[in-house]
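Following: one structure in structure tokens, then a few remarks.
Every number in this text was worked out from the coordinates using simple rules, so none of it is lab data. No experiment lies behind these values; they were computed from the predicted model shown. For neighbour counting, all protein chains shown are included, and Cβ atoms are generated from backbone atoms with ideal geometry for every residue, glycine included.
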Amino acid sequence: MPRAIISPSVLASDFGVLTAECKRMIKGGAEWLHMDVMDGHFVPNITMGAPILACVSKGVPGIFMDCHMMVSQPEKWVDDIADAGGKLYCFHIEATSDPISLINSIHERKMKAGVAISPDTPSTAITDEIGEAADMLLVMTVYPGRGGQKFLERCVPKVAELRARFPDKDIEVDGGVGPKTIDQCADAGSNVIVAGTAIFNATEPEQVIALLKQSVDT
Ligand code: DX5
Ligand code: ZN
């Protein structure tokens, strides 16, 4: 299994001091920062877009922005997110009719390509061709749209199904993940762990980051 990567979701951070929050997480041991882009259409909420991400990449040199695109037209934002310094562009399979072309255009802009599946989407929506072309597969463990929701255990078998089919790919889990739910994700084969409230609401986030990482690595 690929190595453990912890990607705190800044959705749970204080957006008024977003760059400081990102630096605090990196200092606490985070390698990636999970940036939840919502367009008010694919999901009801609106969060942030490329202009804010550009400020973050300028303010936090070297940051790896793991951009989770909860948007209806993922084809539309590839250039803007690449220009803003995004390193990974993860789109929802439910939002596109031509995932392979989209993956190719993400790679043309030198970003890693991720493909996300929502709770009601089966793992078979990721065909062998899509899974091989992508760098990362994201199994949502809540319905996309907001932080702080309850972890949906019924999504975990999809992680195991994808790990069996794609042993070398990064497999990310996102939604309700924290110290109480990490073991089942890690056991199923997830190696990229997103956590928002579990990390940002902790008095010592670095301890939560270390614990999540250790759970994947052991
Ligand atoms: C939900 C987002 C998640 C969310 C996770 O739509 O994609 O990244 O911020 O937050 P927690 O860890 O609090 O469930
Ligand atoms: Zn997310």
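For a 29 Å ceiling on Cα separation, which of these pairs sit above it: K112/K213; K27/K158; K58/K110?
Exceeds cut-off: K27/K158.
Would you work out the charge dipole size for the stretch 19-102 about its Cα centre, treating the Cβ of every Lys and Arg as +1 and the Cβ of every Asp and Glu as -1, and quote it to the nearest 20 debye?
Rounded to the nearest 20 debye, it is 480 debye.
Can you sort D135, D39, D83 so the residue with the fewest Cβ neighbours within 10 Å comes first?
Least to most surrounded, the residues fall as D83, D135, D39.
With a ≥ b ≥ c taken as the square roots of the eigenvalues of the C-alpha gyration tensor of the stretch 1-59, please select rounded if a/c is under 1.5 and otherwise prolate if a/b is larger than b/c or oblate if it is not?
Oblate.
How do L18, L211 rank when sorted from fewest to most other Cβ atoms within 10 Å of their own Cβ?
Result, fewest neighbours first: L211, L18.
Only counting other Cβ atoms within 10 Å, I'd like K180, K23 sorted with the fewest neighbours first.
K180, K23
Using θ = phi - 60° and the Karplus curve 6.51 cos²θ - 1.76 cosθ + 1.60, what whole-Hz ³J(HN,Hα) does each residue of the stretch 28-38 get, with Gly and Pro shown as x?
x, x, 6, 9, 10, 10, 8, 10, 8, 9, 10
The stretch 35-83 to the stretch 96-160: how many Å between their Cα centroids?
If we compute the Cα centre of each part, the gap is 16 Å.
Taking only DSSP H segments of four or more residues, each worth -39500 (n - 2.57), what value at 222 nm results for the chain once the sum is divided by all its residues, to the nearest 500 deg cm²/dmol?
-9500 deg cm²/dmol
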